[in-house]
Each structure stands twice: as C-alpha cells, then as structure tokens.
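Participant: Below is the structure I would like to discuss, written out as structure tokens.
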Amino acid sequence: MQSSLLWRQRLSRPGRTISAQMNFNAGANKHDRSLEALNRFFHDIITEEFILQNNYQDNLSRSMGANLSYTEPLGNRRFLELNYRVTVNRNEVDQQVFDLVEGEEVVNEYLTNIYNNTHLYHRGGFNAMINRDMYNVTFGAYVQGTSLKGELLTHNEKISERFVNILPLARFNYQFSSFQRLFINYETTVQEPRMQQLQPIVDNRDPLNIYVGNPDLEPAYRNRLTMRYNSFNPVSSFGFFVFSTVDYVKDAITNAVYVNENMVRTITPVNTQSNLNLTGNVNVNFGLSAISSRIMLGSRITRTQSTNILNELSQRITNNMINGNIRYNFRPGDHLETHLTASVNWQLTEYEFSALEQAYLNQTYGVESSWRFLDHYHVNAGFRYMVYQGRSSDFDQKLPLLEMGFSRRFLKNNSGELRLSAYNLLNQDLGVSQRVDVNFLEQQVTNSLGRYFLLSFTYSLNRQLNVMDGFGRGPGMRIHR
C-alpha cells in the first residue's frame with residue numbers, strides 16, 4: 001500500500017514558489033521455506049553433513065516521509081532553492097527456524113531471529129542556479145544525518161548507529177546549438193549499511209555459503225563525476241556521442257570471505273579503503289545515402305580497482321575491459337533490410353600479490369536480413385558466429401547459430417500473424433559463456449536445446465494504431481496462442 005500528497009504554491013514574486021510532499025508506504029510479506037541439504041566433505045575420511053530445516057518468516061515494513069522545498073529568485077535569472085527532507089523507515093522481522101528431528105520440529109535458537117529496526121533520515125541544504133541562453137550552472141551542498149536503531153529481541157542485543165555527512169554537488173550544462181550539448185555533473189552520495197549487514201546473526205540458507213553481519217560497519221562515501229557530450233548534424237546525418245564517469249568510493253563496503261578446510265565460505269561485510277571505477281563510451285554513426293546505408297561504431301572502456309579479502313588476506317584487484325562493436329545497416333527500400341554486426345569484448349584481471357592474470361576474449365559476428373513482399377508475407381534469416389577464448393587457459397569454443405522465419409499477416413487491418421520460426425538450424429547443442437570476477441574465472445560449456453521449430457499466432461487488438469507496419473512490430477496489445 002502506498003499513498004502520497006503534493007502541494008505547490010506560487011507566491012507573490014515571480015519565480016518564488018513553495019512546495020511540500022508527503023508519502024506513506026506499508027507492506028507485509030510471509031515466507032515459508034524448507035531446507036534439505038546433504039554435503040559430503042572429502043578428506044582422508046569422507047564425512048557427511050545433513051541439514052533438514054523449516055524456516056518461517058514474517059516481514060512488516062512501513063515508511064513515512066515529508067519533503068519541503070522553497071525557491072527564491074535572486075534576479076538576473078538566478079535562483080536559490082532550499083530543501084529539507086525527513087524519512088522514517090520501520091521494519092519488523094520474525095524469523096522462526098526449526099530443525100526436523102524424527103519428524104518433529106525443534107527450535108533452532110542459533111538461527112531463530114526476531115528483530116526490528118528504525119531508520120531515521122534527515123537531509124537539508126541548498127542549490128544555487130544560474131540560467132543563461134547558452135548554459136546553466138547549479139551548485140549546492142546538503143547535510144545528511146542518519147540514525148539507525150535496532151533491537152535483536154531473540155538475542156537481547158541492541159544496535160544504535162548515527163552518521164552525519166556533508167554532500168556537495170555541481171552541474172554545468174552548455175548548449176552549443178539545438179543539436180550539440182555538453183553536460184558535466186558532480187555529486188556525492190552515502191551508502192549506509194543495511195540492518196542485515198549490521199546484525200551479527202548467522203544466515204545459513206545456503207549451508208556452503210554462510211552470511212554473518214558486522215555491527216562495526218561504517219557508511220560508504222561516493223564521489224561521482226559524469227561528463228556527457230552529444231552532437232548530431234541533421235543535414236549530413238552524422239552523430240557523435242561521448243560519455244564518461246569517474247566513481248571514487250571511500251570506506252567502500254565489500255564482502256570478506258573465509259574458506260575453511262571443508263570449502264565452506266563464511267561471508268561478512270567490511271569496510272575497505274577505497275574503490276575506483278573509470279568508464280568511457282564513444283559512439284559514432286553516419287549515413288551513406290548514396291548506397292542507402294548507415295554505419296554505427298561504438299567502444300566502451302572500463303577500469304575498476306577494488307579490494308578483495310580472502311582468509312584475512314587483503315589485496316587490490318584491477319579489472320580492465322575493452323568492448324568494441326560495429327553495425328552496418330543496408331535498407332534500399334521499405335521492404336528489404338540487412339544488418340552486419342561485429343562485437344569484440346576483451347577483459348583482463350590483475351592481482352596485487354600474484355603474477356597470475358585472468359584474461360579472456362569474446363567475439364560475435366552476425367548477419368541479419370528481412371524481406372517483406374506481396375504486402376502480407378515476411379521472411380527473415382539471421383546467422384551468428386561466436387568465439388570464446390581464454391587467454392590464460394586453453395579454453396577455445398566456437399559456436400555458429402542459424403535462424404530463419406516465415407510469416408503471413410491476415411484478418412482486418414492485418415491484425416493477425418501466423419509465423420513459422422526455425423531455431424538453431426545447424427543443431428549446435430552447446431551453450432558457452434565465460435566471465436571474470438574479483439577472485440575467479442568462470443568458463444561454462446553446458447548442454448542446450450538443439451534444432452527446433454515454433455509455430456505461433458499473434459493477434460493485435462489495436463493494429464490500426466500501429467504506425468510501424470514495416471519491420472518493427474510497433475505498439476499494441478497482443479494475444480499469443
């Protein structure tokens with residue numbers, strides 16, 4: 001259940017306004033779970049651990065908030081905005097865990113947990129704005145205070161935390177023309193720890209990955225700088241777009257992992273010194289009207305530095321990723337369209353205390369073609385060739401996929417479509433993926449569905465509103481049978 005109330009009022013002086021908003025949210029949910037796990041540990045002697053439990057959990061949450069905003073004109077298209085917001089979040093959790101012993105439920109006092117928490121949030125500050133014909137500037141600062149109180153009723157413990165932070169911000173927007181703009185934004189935010197992260201309670205829903213909270217956790221302070229530039233020439237149909245971000249997080253919250261001799265992981269959130277994330281995107285697209293074509297080029301570069309803690313050993317990990325893609329569209333008329341695509345994704349992970357590096361290269365090449373003829377018939381075909389290579393291992397997989405489809409539209413306003421689709425015509429029965437995380441390289445080859453066919457019927461209830469009567473389906477509600 002949620003509700004809100006908004007009030008706005010223009011005052012006597014032009015540009016002077018005041019507004020207030022209130023909102024309320026409430027929710028309740030109930031979870032009943034059963035856990036049945038048999039774990040075998042292979043040492044000199046094989047041992048077994050059998051877990052049979054029932055878990056009943058009731059959650060109740062309520063949230064109330066109010067926001068007050070006042071804007072004062074300072075003359076010469078300058079404004080001062082004052083803001084204040086207060087929010088109260090209340091959560092109540094009743095988690096009952098029972099071990100099943102000879103068919104009877106026995107309370108597990110170690111895992112049973114009844115607790116409540118109240119999160120009180122205050123935020124107040126100002127924005128100063130300057131508006132001009134070609135640009136506008138905003139700068140300001142806020143003071144954010146947070147109070148978190150919780151009671152662990154089952155364990156007779158209390159948690160009480162208070163955090164105060166100053167959050168500056170600045171924005172600059174410059175419009176060179178109607179088709180060329182530069183935007184720069186700097187903002188700061190705070191990530192307070194959640195109650196689950198603060199309470200020192202064991203969560204063993206996955207008995208091989210046990211989670212324990214940390215009552216000494218501090219909030220993380222994030223600085224983010226964003227730059228965006230876009231330009232488009234409607235005469236030459238040339239578009240250029242650049243986007244970049246810098247994220248610096250002080251006292252970042254990460255999970256420390258401890259692995260015991262049975263390979264059981266215990267996970268606890270902790271604060272680390274800092275995380276750094278750099279991202280850059282560049283996209284270029286232009287048309288070749290002489291040959292009814294369009295070319296789109298794109299690249300993304302990411303560099304992330306974070307801290308990994310494993311068995312109390314802390315080390316910095318650097319993750320570098322480069323992605324490049326190109327797309328060529330050929331559309332000589334309204335009935336024929338062809339796309340050629342290529343994408344390359346390279347990733348390298350480096351470790352502070354190890355010469356070992358994890359690297360992989362994924363490549364995808366494809367062609368798609370679509371032809372509509374005799375007003376009612378549509379044929380399409382697509383081919384993709386995917387290559388997965390592990391540069392730090394001998395992983396090398398290649399996967400070709402071929403798909404085709406044929407459809408016929410009929411009924412009034414072409415609202416009905418009967419379609420026969422053929423998937424994986426080369427009968428490749430493998431699924432391939434690979435990725436690198438902070439402390440592992442995952443390479444998967446799984447069995448998948450081979451060649452198959454699908455006959456479908458689609459009916460559009462408002463086909464007369466569909467202006468995309470060519471290659472796209474456009475808006476509309478459809479019933480599939």
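Participant: Does any residue of segment 280-303 turn out to be under 30 Å from Ile210 (Cβ atoms) and either in contact with a strand residue (DSSP E or B) (Cβ under 8 Å, 6 or more places away or on another chain) or surrounded by 15 or more Cβ atoms within 10 Å (Cβ to Cβ) (or both)?
Facilitator: So far as segment 280-303 goes, no, none of its residues is under 30 Å from Ile210 (Cβ atoms) and either in contact with a strand residue (DSSP E or B) (Cβ under 8 Å, 6 or more places away or on another chain) or surrounded by 15 or more Cβ atoms within 10 Å (Cβ to Cβ) (or both).
Participant: Please go through (1) part of a strand (DSSP E or B); (2) open to solvent by 30 Å² or more (accessible area, probe 1.4 Å) for Thr307 and return the number of the only condition it doesn't satisfy.
Facilitator: Only one criterion in (1) part of a strand (DSSP E or B); (2) open to solvent by 30 Å² or more (accessible area, probe 1.4 Å) is unmet by Thr307, namely (2).
Participant: Additional query: Among the residues of segment 73-94 satisfying the criterion of being open to solvent by 60 Å² or more (accessible area, probe 1.4 Å) and in a strand (DSSP E or B), which is nearest to Phe126 (Cα to Cα)?
Facilitator: Among them, the one singled out is Leu82.
Participant: Further, regarding this structure: From the list Glu312, Glu352, Glu357, which residue is closer than 30 Å to Arg265 by Cβ and within 27 Å of the chain's Cα centre (by Cα)?
Facilitator: Within the list Glu312, Glu352, Glu357, the selection yields Glu357.
Participant: Checking Thr154 against (1) farther than 15 Å from Met195 by Cα; (2) touching a helix residue (DSSP H, G or I) at 6+ places or on another chain (Cβ under 7 Å), only one condition comes out false. Which one?
Facilitator: (2)
Participant: May I ask you to list the residues in segment 5-37 that are open to solvent by 90 Å² or more (accessible area, probe 1.4 Å), in a strand (DSSP E or B) and either among the charged types (D, E, K, R) or farther than 25 Å from Glu81 by Cβ (or both)?
Facilitator: Across segment 5-37, the qualifying residues are Arg8, Arg10, Lys30, Asp32, Ser34, Glu36.
Participant: Name the one entry in Thr226, Thr146, Thr188, Thr138 that is of a type in the set (S, T, N, Q), in a strand (DSSP E or B) and in contact (Cβ under 8 Å) with a residue 60 or more places away in the chain.
Facilitator: Thr146
Participant: Residues of segment 96-120 being part of a strand (DSSP E or B), surrounded by fewer than 17 Cβ atoms within 10 Å (Cβ to Cβ) and not acidic (Asp, Glu), which ones?
Facilitator: Within segment 96-120, Leu100, Val101, Val106, Val107, Ile114, Asn116, Thr118, Leu120 meet the criteria.
The values are calculated or read from the model by the stated rules, or taken from the named source; none is laboratory data. In this text the structure is predicted, and so the values were computed from the model without any measurement. Using ideal geometry, Cβ is built from the backbone for each residue, glycine included, and neighbour counts are taken over all protein chains shown. Surface areas here come from the heavy atoms of the whole protein model, side chains and all, with no ligands, DNA or RNA. Shrake-Rupley method; radii C 1.70, N 1.55, O 1.52, S 1.80 Å.
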